[in-house]
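Just below is one structure, and these are the notes that go with it.
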Amino acid sequence: MDLHCPSPLLRHETIQMAHGAGGELSRELTREIFLPYLGNSMLNVLDDQAKISLDSGEIAFTTDTFVVAPVFFPGGDIGDLAVNGTVNDLAVGGAIPLYLSAGFVLEEGYPLSDLRRIVTSMAEAAGKTGVQVVTGDTKVVEKGQCDGIFINTSGIGVIREGVDISCGNLRSGDSIIVSGTLGDHGMAVMTAREGLSFQSEITSDTASLSGLISAILDEVPQIHAMRDPTRGGLAATLNELASASGAGIVINEASLPIRSDVQGACELLGIDPLTVANEGKVVVAVPQDSAEIVLQIMQQDSEVSGSHASIIGNVVNDHPGMVIIRTPLGSRRILEMPLGEQLPRIC
Amino acid sequence: MKYIDEYRDPDRARRILKKIKDSVTRPWSIMEICGGQTHSIIRNGIDQLLPDAIRLVHGPGCPVCVTPLETLDRALSIAERPEVVLASFGDMLRVPGSGKDLLTARSEGADVRVVYSPLEALAIARDNPHKEVVFLAIGFETTAPGNAMAVKQAAKEGLNNFSELVSQFMVPPAMKTILSSEQKTVEGFLAAGHVCTITGYEEYESIAEKYHVPIVPTGFEPVDILSGILRVIEMLESGRLGVFNEYSRVVSREGNEVARKTVNEVFEVADRQWRGIGVIPQSGIRLRGEFSSFDAEKKYDVAHIQPDESPLCRSGEVLQGIINPGECGAFGKECTPLDPLGAPMVSAEGTCAAYYKYHKRA
């Protein structure tokens, strides 16, 4: 036995099957990688479940699984994405996100240094938005059975009093607002992929929307609907809103905020930026008389929203369930629900 | 973005539109050759803005659409071999063969990869010497130089595990076929801007003269397309027919000589089957004899695969401008982008898909 080994983990620089076997190496992985970064009074108990006390009220509960490739991309990685994605799914329902679970599927041979980096970024994202990871799980699969690392997070939040936010609540006359530029995340991941031989400075917009949404709901609790336009981009989100509410939506193409490098990359690759994923943007439907206040709050939030926030269109009685874009030339076209995944494994 | 924004300027577009309205005195039918132009026309709603007297006819210039069913079935047959990596542009993956598409083949275990360039496929061959890499080399004069380059490079490096399944087309023979047809549907052409960057437009001068039609090499942005239409209308109205280059920021009369030389070194002119149209003599290219070891059709002996088309699909008439997609009985019913019968419903450049996607849904 090597008595000089300072830490059991240093015997391995990569994930071994035994790290997922529930024995000594599993305990070491938990103690050396997970608890130092994600630990808190509930997680540290290492029971099979977290015991949570909540004030009475309505609870929001959601889950999401992250398989993004590459796991490290400009502006983020699978770790902060896994935290922000689930936090945002809670926040857009009007919930204050509180607790997360984290389940890891790791491939045999995965570098522990990469895992540590990912867990660190999860901890930072969780700390920033005020949620705690209170329970977790790790499984290891044989080499070749998964692509490095997959993460599932589930989340619980408490829904704020006095809000009623749902896709079905869209009403004719509502304004549609987006909180910033569209398509950044999908194109950041796409241009980071192997095989695309052009470089760009596009970074992912992965961020928690919880603070921004809180600020909006403090001022304008009468928001009708909110969605974060992730997979399928704005096109999917608007079609979901139109279809769920049976209302029509008209979008003004000239008002859509799209970075010129994202636009350029999309042109090169033949992709519509409106179908590209975002990971830190929110689409809000609000009665028209409150639209300017929401816009101002977004524009004052320099962290996740900012000056590119824009009122992009409105809800109408015509063409129920359908989204129409008005082009700068004055013509109109249908904004279709995207058919399939243009960019696989972006989150 | 320079070279883009100024060609999307709504004020400029409206000024040209007004000139078109002022110039046109009777009905005219104009064909835009290229699927990229069709897409831009429908996406920007240019057809809604034109005077009723101008009928736009959508041409056969979508490579995914005209690639014949047998090429797809041959690709599927090759892709299902365990030693093969089939590399293709993404659009081809959803085009249905007679049984399935390449995406389905991939889900069943075939190694099908999306690339943005044939040189990427070549890199896969270089990195995987124990695999056979087959590139689905489709397209018009625009993709031919890259596909030729990949074969030339493979020959130079001795990469014998690389080959191409070639389905390469040329525009001028298709134009002549359309102009010779009994149903005379087209009185003027917007020539495909990107094709002309390679070929130049010298060859179009004899076509314009012989068939007495205006041919205008045109770009892809709204201002480009409207300028092209205005030029064709002015030529038709004045009777001064010929070729006029409205895409002079990238197209010259001579084209790209280096690219054409590379193509001629590797490929030779041959008859080609166009999906929905049939065989057009001397309308395509195939690998020359000295490069036959890079010809996947020969390497995998798939030339005997000759399937039948769906009887419902009228894409051939759509591709020749004889009918608009809405006039096909299957449009939006048996045939949708999610469950397409013919290729024009699949590709982003396909006329049927553009109609379905943007505004002409049944």
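The values are calculated or read from the model by the stated rules, or taken from the named source; none is laboratory data. Owing to the predicted nature of the structure, the values given are computational and were not obtained by experimental measurement. Positions of Cβ are backbone-derived with ideal geometry, glycine not excepted, and every protein chain shown enters the neighbour counts.
Within region B:318-336, identify whether any single residue is touching a residue at least 40 places away in the same chain (Cβ under 8 Å) and either touching a Gly at 6+ places or on another chain (Cβ under 7 Å) or within 14 Å of chain A (Cβ to nearest Cβ) (or both), and answer yes or no. Yes, that holds for at least one residue.
Tell me yes or no: at least one residue of region B:1-14 is buried (at least 22 other Cβ atoms within 10 Å of the Cβ), closer than 17 Å to B:VAL232 by Cβ and at the interface with chain A (Cβ under 9 Å from one of its Cβ atoms). Before you say what the answer is, go through the steps one by one.
Just the residues of region B:1-14 that are buried (at least 22 other Cβ atoms within 10 Å of the Cβ), to begin with: B:13.
After this cut, where a residue has to be closer than 17 Å to B:VAL232 by Cβ as well, the list is B:13.
If we keep only those that are at the interface with chain A (Cβ under 9 Å from one of its Cβ atoms) as well, we get B:13.
Yes, there is a match, as at least one residue in region B:1-14 is buried (at least 22 other Cβ atoms within 10 Å of the Cβ), closer than 17 Å to B:VAL232 by Cβ and at the interface with chain A (Cβ under 9 Å from one of its Cβ atoms).
Right, B:GLN48: over 28 Å from B:ASP271 (Cβ atoms) and either outside any loop (DSSP other than H, G, I, E, B) or of a type in the set (Asp, Glu) (or both) or not? Yes; evaluated as a whole, the condition is true for this residue.
Does region A:81-93 contain any residue that is in a strand (DSSP E or B), under 14 Å from the mean Cα position of the chain (by Cα) and assigned by TED's automatic domain parsing to the domain that holds A:THR135? No - not one qualifying residue is present in region A:81-93.
With the structure loaded, tell me whether B:VAL216 is touching a Leu at 6+ places or on another chain (Cβ under 9 Å) and crowded, with 23+ Cβ neighbours inside 10 Å or whether it fails that test. Reasoning before the result, please.
Details: touching a Leu at 6+ places or on another chain (Cβ under 9 Å): yes; crowded, with 23+ Cβ neighbours inside 10 Å: yes.
Yes.
Across region A:325-337, the qualifying residues are those that are more than 7 Å from chain B (Cβ to nearest Cβ) and buried (at least 20 other Cβ atoms within 10 Å of the Cβ), and the one among them that is modelled with the lowest pLDDT is A:LEU335. Set side by side, the residues B:ARG253, B:ARG240, B:ARG272, B:ARG260 differ, and just one is basic (Lys, Arg), within 22 Å of B:PRO173 (Cβ to Cβ), free of Cβ contacts under 8 Å to residues at least 60 places away in the same chain and out of contact with any Leu (no Cβ under 9 Å at 6 or more places or on another chain), which is B:ARG253. Out of the residues in region A:263-275 that are farther than 19 Å from B:PHE89 by Cβ and more than 11 Å from every other protein chain (Cβ to nearest Cβ), state the one that is surrounded by the fewest Cβ atoms within 10 Å (Cβ to Cβ). It comes out as A:PRO273. Screening region B:18-35 for residues that are touching a Pro at 6+ places or on another chain (Cβ under 9 Å) and part of a helix (DSSP H, G or I) and picking the one that is nearest to the other protein chains (Cβ to nearest Cβ) gives B:GLY35. Only one entry of B:LYS176, B:LYS184, B:LYS156, B:LYS152 meets the criterion of being more than 15 Å from the chain's Cα centre (by Cα), at pLDDT below 95, assigned to a helix (DSSP H, G or I) and away from chain A (no Cβ under 14 Å), and that entry is B:LYS176. Evaluation of A:MET298 against the conditions (1) modelled with pLDDT under 95; (2) crowded, with 20+ Cβ neighbours inside 10 Å; (3) out of contact with any Pro (no Cβ under 6 Å at 6 or more places or on another chain) shows that the sole unmet condition is (1).
One residue stands out in region B:125-153 among those that are charged (D, E, K, R) and more than 19 Å from B:VAL266 (Cα to Cα): the one that is surrounded by the most Cβ atoms within 10 Å (Cβ to Cβ), namely B:GLU132. When region B:46-68 is filtered for residues that are out of contact with any strand residue (DSSP E or B) (no Cβ under 6 Å at 6 or more places or on another chain), closer than 15 Å to B:VAL346 by Cβ and either within 14 Å of another protein chain (Cβ to nearest Cβ) or at pLDDT 90 or above (or both), the ones remaining, listed by number, are B:CYS62, B:VAL64. Annotation for region B:113-124: no member residue is under 25 Å from B:TRP274 (Cβ atoms), more than 13 Å from chain A (Cβ to nearest Cβ) and crowded, with 19+ Cβ neighbours inside 10 Å.
Would you say B:SER107 is within 14 Å of chain A (Cβ to nearest Cβ) and either surrounded by fewer than 20 Cβ atoms within 10 Å (Cβ to Cβ) or touching a Pro at 6+ places or on another chain (Cβ under 8 Å) (or both)? Yes; evaluated as a whole, the condition is true for this residue.
The set of residues in region A:196-245 being assigned to a helix (DSSP H, G or I) and either free of Cβ contacts under 8 Å to residues at least 12 places away in the same chain or assigned by TED's automatic domain parsing to the domain that holds A:VAL131 (or both) consists of A:ASP218 alone.
Just a yes or no: is a residue in region A:315-329 among the basic types (Lys, Arg), outside any loop (DSSP other than H, G, I, E, B) and assigned by TED's automatic domain parsing to the domain that holds A:GLY180? Steps first, please.
Residues of region A:315-329 among the basic types (Lys, Arg): A:326.
Now narrow it down to the ones that are outside any loop (DSSP other than H, G, I, E, B): A:326.
Now restrict to residues that are assigned by TED's automatic domain parsing to the domain that holds A:GLY180: A:326.
Within region A:315-329, one or more residues are among the basic types (Lys, Arg), outside any loop (DSSP other than H, G, I, E, B) and assigned by TED's automatic domain parsing to the domain that holds A:GLY180.
Just one of the listed residues (B:ARG43, B:ARG74, B:ARG94, B:ARG81) is more than 30 Å from B:TYR201 (Cα to Cα), within 13 Å of chain A (Cβ to nearest Cβ) and basic (Lys, Arg), namely B:ARG94.
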